[in-house]
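Novice: The following block contains the structure, expressed as structure tokens.
The values are calculated or read from the model by the stated rules, or taken from the named source; none is laboratory data. In this text the structure is predicted, and so the values were computed from the model without any measurement. Quick reminder, even Gly has a Cβ in these numbers, built from the backbone with ideal geometry, and neighbours come from all protein chains shown.
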Amino acid sequence: MKHLILLSITDFKLIFRDPSLRVFLALPLMILALVLFGLPALIEEYPVVNDYVSYVLMGACLQTSTMFGFIYSMVLIHEKDIEVAKVYGILPVSKKGFIATRQILPFTLSSLVTFLMLQLQSFYVFNLSQVILLAILSGIFAPLLTLSVSLLSKNKMEGMTWFKLMNLLVSVPLAAFFIPCCSWAFGIIPTYWVFKTLEQMTLAENIVLPISIGFLFSIATLFLLIWRFSKTHFS
């Protein structure tokens, strides 16, 4: 735990030295504020927006995770650029454990912001245990994005490009709710199951199936990425 705290402090120092990353760090709080204050004001002015609240919440749940995921992917890419990753590679610790431990902070921050947003929003009354489970599932996408972008990128410019593509990919399953005849086809994208779970919650329906599939899919992908990352990042 001591090493995790020290490493987190180092990561935050790096983030605050980079103006672009400081902006991204503030975006999850801006999303939270927009859902809690901006969306109700918009609905008061334009009542038709109320029909799309559930879709706004779907997108907002994952955007907090993508923001933290992007921040930490830039940190990991920077480590490769300055070859600090090679130093970490010779530490007497498990590489997979080291990688997993470093994902705790972005996962926790993402889950916390998502939990607050779902719990404090004024449009639906959700079961607390369901909110906690959905927040955790959404939070997993921060490390998923972090590791994916880092694996695919050789430098920060490539990282920015891959982040844009990944951000588009995680949002694509929203289309499933506007073309229900083909919604099953979007199930191959893990974020679909986050959206499906939230839809079931807004309809007060059972969420066991979608959230179970979501956890299995996401955790399996995370383990695969950690394994792959441990083979390439430290060399």
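Novice: Going by the conditions given, is Val149 on the phi < 0 side of the Ramachandran plot, buried (at least 16 other Cβ atoms within 10 Å of the Cβ), in contact (Cβ under 8 Å) with a residue 12 or more places away in the chain and among the hydrophobic types (A, V, I, L, M, F, W, C)?
Specialist: yes
Novice: Given the structure, is Gly139 surrounded by 18 or more Cβ atoms within 10 Å (Cβ to Cβ) and either out of contact with any His (no Cβ under 7 Å at 6 or more places or on another chain) or farther than 19 Å from Trp227 by Cα (or both)?
Specialist: yes
Novice: Being at pLDDT below 90, within 30 Å of Pro180 (Cβ to Cβ) and of a type outside the set (A, V, I, L, M, F, W, C): is that true of Gln119 here? It would help to see each step written out before you state the result.
Specialist: Values: at pLDDT below 90: no; within 30 Å of Pro180 (Cβ to Cβ): yes; of a type outside the set (A, V, I, L, M, F, W, C): yes.
So Gln119 does not fit the description; no.
Novice: I'm checking my understanding of the structure. Among residues of region 110-123 that are assigned to a helix (DSSP H, G or I) and touching a residue at least 60 places away in the same chain (Cβ under 8 Å), which one is surrounded by the fewest Cβ atoms within 10 Å (Cβ to Cβ)?
Specialist: Out of the qualifying residues, it is Leu120.
Novice: Something else now. Counting just the residues of region 153-164 that are touching a Ser or Thr at 6+ places or on another chain (Cβ under 9 Å) and part of a helix (DSSP H, G or I), which one comes out surrounded by the most Cβ atoms within 10 Å (Cβ to Cβ)?
Specialist: Looking at the filtered set, the residue picked out is Phe163.
Novice: Where residues in region 90-109 are crowded, with 17+ Cβ neighbours inside 10 Å and either of a type in the set (A, V, I, L, M) or in contact with a Lys or Arg (Cβ under 8 Å, 6 or more places away or on another chain) (or both), which of them is modelled with the highest pLDDT?
Specialist: Looking at the filtered set, the residue picked out is Leu109.
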